[in-house]
Amino acid sequence: MLRTERLCMRFGGLNALNNVDVAIHTGEIRAIIGPNGAGKSTLFNCITGVLRPTSGRILFAGEDITGLPPHRISRKAIARSYQITNILPGATVLENVRIAAQSRHHAWSLLHHHRSYTDVIDRARDVLAAVGLAGKEDELAANLSHGEQRNLEIGIALATEPRLLCLDEPTAGMSVTETHAIVALIRRIATDLTILIVEHDMEVVMGLARTITVLHYGEVLAEGTPTQIQADPRVQEVYLKS
Ligand SMILES: Nc1ncnc2c1ncn2[C@@H]1O[C@H](COP(=O)(O)OP(=O)(O)OP(=O)(O)O)[C@@H](O)[C@H]1O
Ligand SMILES: [Mg+2]
């Protein structure tokens, strides 16, 4: 589904990504872990078009998407949630998701014609049910709890009907209960999605991903199953120990 080939992102003299090769299969939940500054968010920024890589290639469903701007990447059905929340606080929960559903117009879709308002609202309601916010649709987004806002953000991403969803630290700042809820949510939505997740909470990572990629100073340090990664002395040295 997604492949990077010798992906490099330099900021001045800093190699934020250095010859990164990753291959994510359709339907997979892949976790990206690594210490602060390892290049995890930079990888997401390159995949979603926020940054133009210095060199290398990004292939999505066989198509070269390297260096495309964010709106064109979005049309390829790649969505993300940000490390910092991205919602419209003054709009209702339903409006937040409806606007995202409205903006959806993927080239691959069979529904090329304009969608009716009721279709969009139905889609928005389905998404709110999926992210556990069905009872909150008329609430202002600003009035949601932190955890609910993070769920709403995932809902906004889902409303664009992505095939690949990139989640950057979705449990950041969440309570234990909220974290458990979001893990359940990610499992639920993963049935017809490919998910890339950057996450520091190892319990979350181990519970969701079958394959983990470890970044360190912009390079892939290790890749393997949760058991392999936990037992890898190099990973323990740079990451798991801290
Ligand atoms: N736009 C930018 N301009 C210059 N340097 C940047 C930029 N974005 C990231 N960097 C640098 O690139 C390196 C990788 O940063 P990145 O944000 O990708 O790390 P990360 O793995 O997401 O870390 P964290 O776990 O703290 O979120 C860091 O040294 C960072 O300071
Ligand atoms: Mg980051």
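Here R57 does not qualify as under 22 Å from A172 (Cα atoms) and either within 15 Å of ligand 1 (Cβ to nearest atom) or modelled with pLDDT of 95 or more (or both).
Counting only residues that are within 16 Å of ligand 2 (Cβ to nearest atom) and among the β-branched types (V, I, T), region 144-176 holds 1 of them.
Inspection of region 84-92 finds no residue satisfying the criterion of being within 20 Å of V204 (Cβ to Cβ), at pLDDT 95 or above, within 12 Å of ligand 1 (Cβ to nearest atom) and hydrophobic (A, V, I, L, M, F, W, C).
For L215, the criteria (1) more than 12 Å from I29 (Cβ to Cβ); (2) crowded, with 21+ Cβ neighbours inside 10 Å; (3) away from ligand 2 (no atom under 16 Å from the Cβ) hold in every case but one, which is (3).
Checked against the criterion of being more than 16 Å from ligand 2 (Cβ to nearest atom), farther than 19 Å from R10 by Cα and not hydrophobic (A, V, I, L, M, F, W, C), region 44-63 contains one or more residues that satisfy it.
Filtering region 110-128 to residues that are part of a loop (DSSP other than H, G, I, E, B) and either within 30 Å of I182 (Cβ to Cβ) or at pLDDT below 60 (or both) leaves L110, L111, H112, H113, H114, R115. Among the residues of region 157-175, is any among the polar types (S, T, N, Q), crowded, with 18+ Cβ neighbours inside 10 Å, in contact with a strand residue (DSSP E or B) (Cβ under 8 Å, 6 or more places away or on another chain) and at negative phi? Yes; the residues of region 157-175 include at least one that is among the polar types (S, T, N, Q), crowded, with 18+ Cβ neighbours inside 10 Å, in contact with a strand residue (DSSP E or B) (Cβ under 8 Å, 6 or more places away or on another chain) and at negative phi. Scanning region 1-36 for residues that are free of Cβ contacts under 8 Å to residues at least 60 places away in the same chain and within 13 Å of ligand 2 (Cβ to nearest atom) gives a single hit, N36. Cβ separations smaller than 8 Å between residues 6+ apart or across chains give the following pairs from region 95-109 residues that are part of a helix (DSSP H, G or I) to residues that are at pLDDT 75 or above and hydroxyl-bearing (S, T, Y): A100/T160; A101/T160.
Count of region 39-54 residues, restricted to those that are over 13 Å from the mean Cα position of the chain (by Cα) and on the phi < 0 side of the Ramachandran plot, is 5. Could you go through region 189-196 and let me know if any residue there is within 16 Å of ligand 1 (Cβ to nearest atom) and of a type in the set (A, V, I, L, M). Looking through region 189-196, at least one residue is within 16 Å of ligand 1 (Cβ to nearest atom) and of a type in the set (A, V, I, L, M).
For region 23-43, the tally of residues that are under 19 Å from F60 (Cβ atoms), β-branched (V, I, T) and either near ligand 1 (Cβ under 6 Å from one of its atoms) or surrounded by 15 or more Cβ atoms within 10 Å (Cβ to Cβ) (or both) stands at 4.
The values are calculated or read from the model by the stated rules, or taken from the named source; none is laboratory data. In this text the structure is predicted, and so the values were computed from the model without any measurement. A quick note on method: Cβ atoms are made from the backbone with ideal geometry, for glycine too, and the neighbour counts reach across all protein chains shown.
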